[in-house]
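The values are calculated or read from the model by the stated rules, or taken from the named source; none is laboratory data. Please read these numbers as outputs of a predicted model, since none were measured by experiment. Here the Cβ positions follow ideal geometry from the backbone for every residue, glycine too, while neighbour counts run over all protein chains shown.
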Amino acid sequence: MQQTNPIPPAHGRPVMEWLAVVLALVVGVPAAAYFFQERLIFFPQPVAGVPRLPPRTEPLELTAADGTRLAGWVRHAERTPAPALIYFGGNAEEVSWTLADARWPRDWTVVAVNYRGYGKSEGAPGEGALSADALEIYDAVAKLPGVDPRRIVAFGRSLGSGIAVHLAAHRPVAGVILVSPYDSLVAMGRTHYPWLPVGLLLRHRFDSAARAPSLAMPLLVVVAEHDAIVPEARSRALYDAWGGPKTWVVVPRTDHNTLSGPDGLWDATTAFLERLR
């Protein structure tokens, strides 16, 4: 009797290969997101030629508690004693270019220090380090000659909004200005990566919404009409949670990266600061 070879299972090997690919994706993508998240959040920028800074501007250098040296600038007000603005920029921003804008109010001292790893600041960025640095920057600004320590305002843009809110929760700032802010990076991650377990993976959470209800100082929020990076819902969630008086301004015909081009941001900033005075 002739023996026949058994028929192998149809497509058995391709199925196993596909399962291996799926498993690699399910495990590998979240693992990569966890271990390389700093590269997804922070984009350090060098000083690629400092622009022409306004008059009365001079370098400002600080040494953090862990010995890391931070570098930035202070543009002194025309008259003293003066109130002060401390600026915290976006995740891909070297702050000298923002400080060079001529529309900063001249009767306010403006301080902008590059994050760790940005510009000439040493170290590597991370939520804990940047939040601690913000407190040290505030303490140094409050001691600057010619600065009225009772009138210091935190100004945060995009990523920097989370740092400005942290500062407001730990120091007596007179007001807070947030441009393209978000409620938390966890909420932002879920918005852009709904298929990732962001809440489990994210180490740098910048949870501003959790701090907002306890903050009673005046708030100005300025958003772009068309922002695909920080959707209006994320900014509105933080705004709605704020415990103090607040103002919401939309700059028409702008997006996340063009928001500071028109005068709308600067007009709103000037009006807000005048009310604080």
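A few remarks follow.
- Residues in segment 201-245 that are assigned to a helix (DSSP H, G or I) and among the small types (Gly, Ala, Ser): 208, 209, 210, 212, 214, 233, 235, 237, 241.
- Positions within segment 110-149 being hydroxyl-bearing (Ser, Thr, Tyr), closer than 27 Å to residue 51 by Cβ and part of a helix (DSSP H, G or I), in sequence order: 138
- On the stretch given as segment 226-253, residues that are loosely packed, with under 15 Cβ neighbours inside 10 Å and under 16 Å from the mean Cα position of the chain (by Cα) total 1.
- Among residues of segment 90-110 that are free of Cβ contacts under 8 Å to residues at least 60 places away in the same chain and within 21 Å of residue 80 (Cα to Cα), none has a beta-carbon under 6 Å from a residue that is part of a loop (DSSP other than H, G, I, E, B) and among the basic types (Lys, Arg) at least six positions away or on a different chain.
- Test: residue in segment 153-163 that is among the hydrophobic types (A, V, I, L, M, F, W, C), buried (at least 19 other Cβ atoms within 10 Å of the Cβ), touching a residue at least 40 places away in the same chain (Cβ under 8 Å) and assigned to a helix (DSSP H, G or I): yes
- Candidates 69, 75 - the one that is farther than 24 Å from residue 102 by Cα and among the basic types (Lys, Arg): 69
A quick yes/no check of all residues on (1) farther than 19 Å from residue 273 by Cα; (2) of a type in the set (Phe, Trp, Tyr); (3) modelled with pLDDT of 95 or more:
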{"site": "63", "(1), (2), (3)": "yes, no, yes"}
{"site": "69", "(1), (2), (3)": "yes, no, yes"}
{"site": "75", "(1), (2), (3)": "no, no, yes"}
{"site": "78", "(1), (2), (3)": "no, no, no"}
{"site": "84", "(1), (2), (3)": "no, no, yes"}
{"site": "88", "(1), (2), (3)": "no, yes, yes"}
{"site": "106", "(1), (2), (3)": "no, no, no"}
{"site": "111", "(1), (2), (3)": "no, no, yes"}
{"site": "118", "(1), (2), (3)": "yes, yes, yes"}
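Okay, residues lined up against (1) crowded, with 16+ Cβ neighbours inside 10 Å; (2) within 15 Å of residue 157 (Cα to Cα); (3) of a type in the set (S, T, N, Q); (4) modelled with pLDDT of 95 or more:
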site: 189; (1), (2), (3), (4): yes, no, no, no
site: 197; (1), (2), (3), (4): no, no, no, no
site: 201; (1), (2), (3), (4): yes, no, no, no
site: 255; (1), (2), (3), (4): no, yes, no, yes
site: 259; (1), (2), (3), (4): yes, yes, no, yes
site: 269; (1), (2), (3), (4): yes, yes, yes, yes
site: 275; (1), (2), (3), (4): no, no, no, no
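- Complete set of residues in segment 203-225 that are among the aromatic types (Phe, Trp, Tyr) and surrounded by fewer than 20 Cβ atoms within 10 Å (Cβ to Cβ): none
- So residue 70, is it in a strand (DSSP E or B) and touching a Ser or Thr at 6+ places or on another chain (Cβ under 6 Å): yes
- All told, residue 169 falls short of being in a helix (DSSP H, G or I), of a type in the set (A, V, I, L, M, F, W, C) and either touching a strand residue (DSSP E or B) at 6+ places or on another chain (Cβ under 7 Å) or on the phi > 0 side of the Ramachandran plot (or both).
- Residue that is surrounded by the most Cβ atoms within 10 Å (Cβ to Cβ) [pool: residues in segment 176-187 that are outside any loop (DSSP other than H, G, I, E, B) and free of Cβ contacts under 8 Å to residues at least 60 places away in the same chain]: 176
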